Structure formats: structure tokens, C-alpha cells
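S.K.: This is the structure I have questions about; it appears just below.
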Amino acid sequence: MTVRLCVAGATGWVGRALVPAILDADDLTLTGAVARESAGRDLGAALGREDLGLVISPSVADALAAPADVLIDYTAPASIKEHVLAAIERGVSVVVGTSGLTAADYDEIDTQARERGVGVVGSGNFTLTASLLQHFATIAAAHVPQWEVLDYARAEKPDVPSGTARELAERLGSVRKPRSGVALDALRGPKETRGAEIAGVHVHSVRLPGYVLAVEAIFGLAGERLTIRHDGGESAQPYVAGTLLAARKAPHLKGVVRGLDRLLFDA
């Protein structure tokens, strides 16, 4: 069975790595592409290669006028929820690679996806090593009662925390709420220095030049520590295999599956 894909953010950092992989795959077909700044151009020309005969659309709604089984979205936090709901309304499954959606957003999306009978795979990070971080950290949280999450990214990244860190915190918080050494209302000094609480987990976001993406979960017991860390590199290539795995699985799902590790390990 050939899976028909529409890629939103087709000329972006991840999109530029995804498109060639889709074109090279025997079981995938690219039927739509979205990139507002390059709308109206041939996708191949916009990517600096030969014409593909596929004109870039200015919006997800326009791109999904062509038949598609799955929308892959790597766009922007401000527009991701709108894109996901637009795809679900058309009976199209979604792979969400864009950060910015909260647990409450995913609850709403899950309800609508189940009503339409389509699958949504959302992951803060589709790389193998980030998925392993989440998997191993979930195991650690069941045995170590105290942990925090640190999130590093480039200085210009507008959303905090990263999708990787938010998803990690929410997943760990679903295992249990970490124990606190000192309650927030008992602290002396600015409480903000303890970071934001997401699902009961303290999350600290660092935004500095020199970082692409890094996330670490730090677990502590008396006299010992465990740190599990993922570092993202300059290339988007590590995101490709996980994203396409999710795209192949999504049409067979109903409702939301959060985290690539769910697809890798739950089976």
C-alpha cells in the first residue's frame, strides 16, 4: 500500500531532508507541499533540484485539496493546532513534528481524531536517541522519586520549553509526581529560579547561541545522580527515519499517540 503524504514546511530545515527521502521510498508518494514564502513555485525548484511537477501551496487547506493519507507538519508553534484540526476535519491522519502543543491541546485533538477515525502521532522529537531518552527516563522515574528536566536550544527559539522537553516532562509526570525537597511556598527568594512546573515536573529552559537542541533528565538519590541526555546536531537527517515511520503507522491508528518511543517499544 502506498501512503500519500502532504508535507507542511516542505522547504524548512526538516522538510528539506524529508522530501528527498519520500521521493526515494517505494511505498510513499508526495501529493502536497506547503511553504508560505515559496507558494506557487515548483517544489523541486524551491529545493534547488529538478522540477517535480508539484506546486507548493500557501496553506494546509489548499494542499489537502489533493488526496492525502497523512499530513506531516514541521511548521511553527503558532499554526500547528490549526493545521492538525484542518487535516482531521478532512479525514487525514497527522504526524506532528512541530512543538507548541500542550497536553490539553492533545486531549482536544484526540477527541476529534477519534470522532473522525484518524490517527495522530505527535512527538517532541522524532530522532532515535531522543526517543530512547524518553523511554529510559520513564523507567527511571518509576524507581527514583526526584527528578528535573533541563532544556537547551538556540537563543532565537521562541517557544519554551522545547517540544522534546515538554513531552518528556508530561510523560514523566504521568508516571508519578516527583517529590520536592522544599515546597515552592517555603522557598526564600524568587520562585521562578526553580523553573516552570509542567505536569508537576520542574523544567528549566536555557536559550543561548551554540545550542541546536539538548534535553536532559536529572534524577537524584542520596549520594548519587543519574543524568540521561539527548543532544541534537546541526543536521535534520536524524529526524527523517522516525518521521517516516510515524507516517507509515498513522493511517492504521485511531486517536493520538504521543512519542515516537510508543511506536518503537509499545508493540
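The values are calculated or read from the model by the stated rules, or taken from the named source; none is laboratory data. Everything quoted here is computed from the prediction, not taken from an experiment. With ideal geometry, Cβ positions are generated from the backbone for all residues, glycine too; neighbour counts draw on all protein chains shown.
S.K.: Out of Thr243, Thr227, which single residue is in contact with a strand residue (DSSP E or B) (Cβ under 7 Å, 6 or more places away or on another chain), free of Cβ contacts under 8 Å to residues at least 12 places away in the same chain and β-branched (Val, Ile, Thr)?
M.R.: That would be Thr227, the only listed residue that is in contact with a strand residue (DSSP E or B) (Cβ under 7 Å, 6 or more places away or on another chain), free of Cβ contacts under 8 Å to residues at least 12 places away in the same chain and β-branched (Val, Ile, Thr).
S.K.: Only residues that are in a strand (DSSP E or B) and touching an Asp or Glu at 6+ places or on another chain (Cβ under 7 Å): list them for region 121-171, please.
M.R.: Initially, region 121-171 is screened for residues in a strand (DSSP E or B), giving 121-122, 147-153.
Scanning region 121-171 gives a single hit, Leu150.
S.K.: Follow-up question, since we're still on this one. Can you find even one residue in region 195-209 that is within 16 Å of the chain's Cα centre (by Cα), of a type outside the set (D, E, K, R) and over 22 Å from Arg4 (Cα atoms)? Full working, then the answer.
M.R.: Start the filter on region 195-209 by keeping residues that are within 16 Å of the chain's Cα centre (by Cα), which leaves none.
No, region 195-209 contains no residue that is within 16 Å of the chain's Cα centre (by Cα), of a type outside the set (D, E, K, R) and over 22 Å from Arg4 (Cα atoms).
S.K.: Does region 178-194 contain at least one residue that is hydrophobic (A, V, I, L, M, F, W, C) and touching a Phe, Trp or Tyr at 6+ places or on another chain (Cβ under 7 Å)?
M.R.: no
S.K.: What's the number of the only condition in (1) of a type in the set (S, T, N, Q); (2) at pLDDT below 95; (3) buried (at least 24 other Cβ atoms within 10 Å of the Cβ) that Thr102 fails to meet?
M.R.: If we test Thr102 against (1) of a type in the set (S, T, N, Q); (2) at pLDDT below 95; (3) buried (at least 24 other Cβ atoms within 10 Å of the Cβ), just (3) comes out false.
S.K.: Follow-up question, since we're still on this one. Of the numbered conditions (1) over 22 Å from Ala214 (Cα atoms); (2) of a type in the set (A, V, I, L, M, F, W, C); (3) in the same structural domain as Val175 (by TED's automatic domain parsing); (4) within 21 Å of the chain's Cα centre (by Cα), Val84 fails exactly one; give the number of that condition.
M.R.: Condition not satisfied by Val84: (3).
S.K.: Any residue in region 242-258 that is exposed (fewer than 14 other Cβ atoms within 10 Å of the Cβ) and under 25 Å from Val118 (Cβ atoms)?
M.R.: To start, the set of residues in region 242-258 that are exposed (fewer than 14 other Cβ atoms within 10 Å of the Cβ) comprises 252.
Subsequent filtering for residues that are under 25 Å from Val118 (Cβ atoms) retains 252.
Checked region 242-258: at least one residue is exposed (fewer than 14 other Cβ atoms within 10 Å of the Cβ) and under 25 Å from Val118 (Cβ atoms).
S.K.: Continuing with the same structure: Quick check on my filter: what residues within region 168-213 are touching a strand residue (DSSP E or B) at 6+ places or on another chain (Cβ under 9 Å) and of a type in the set (Asp, Glu)?
M.R.: Listed by number, the residues that qualify are Glu170, Glu197.
S.K.: Which condition number in (1) crowded, with 24+ Cβ neighbours inside 10 Å; (2) basic (Lys, Arg); (3) touching a Phe, Trp or Tyr at 6+ places or on another chain (Cβ under 9 Å) is the one that Arg166 fails?
M.R.: (3)
S.K.: Go through region 47-76 and report how many residues are among the hydrophobic types (A, V, I, L, M, F, W, C) and either touching a Leu at 6+ places or on another chain (Cβ under 6 Å) or buried (at least 23 other Cβ atoms within 10 Å of the Cβ) (or both). Lay out the reasoning, then the answer.
M.R.: From region 47-76, those among the hydrophobic types (A, V, I, L, M, F, W, C) are 47, 52, 54-56, 60-61, 63-66, 68, 70-72, 76; that's our starting set.
Those left that are additionally either touching a Leu at 6+ places or on another chain (Cβ under 6 Å) or buried (at least 23 other Cβ atoms within 10 Å of the Cβ) (or both): 52, 54, 56, 60, 63-64, 68, 70-72.
The total comes to 10.
S.K.: Give region 182-239 a look and list any residue that's assigned to a loop (DSSP other than H, G, I, E, B), of a type in the set (A, V, I, L, M), under 30 Å from Val96 (Cα atoms) and at pLDDT 90 or above, or say none.
M.R.: The initial filter retains those residues of region 182-239 that are assigned to a loop (DSSP other than H, G, I, E, B), namely 182-183, 187-190, 195, 199-200, 208-212, 222-223, 233-237.
Now narrow it down to the ones that are of a type in the set (A, V, I, L, M): 182-183, 187, 199, 208, 212, 222, 236.
Next cut, under 30 Å from Val96 (Cα atoms) only: 199, 208, 212, 236.
Selection gives Ala199, Leu208, Ala236.
S.K.: Cβ-Cβ distance below 7 Å, separation of 6 or more or different chains: which pairs start in region 47-63 with a residue that is under 21 Å from Glu89 (Cα atoms) and end on one that is assigned to a loop (DSSP other than H, G, I, E, B)?
M.R.: Pairs found: Ser57/Ala39; Pro58/Ala39.
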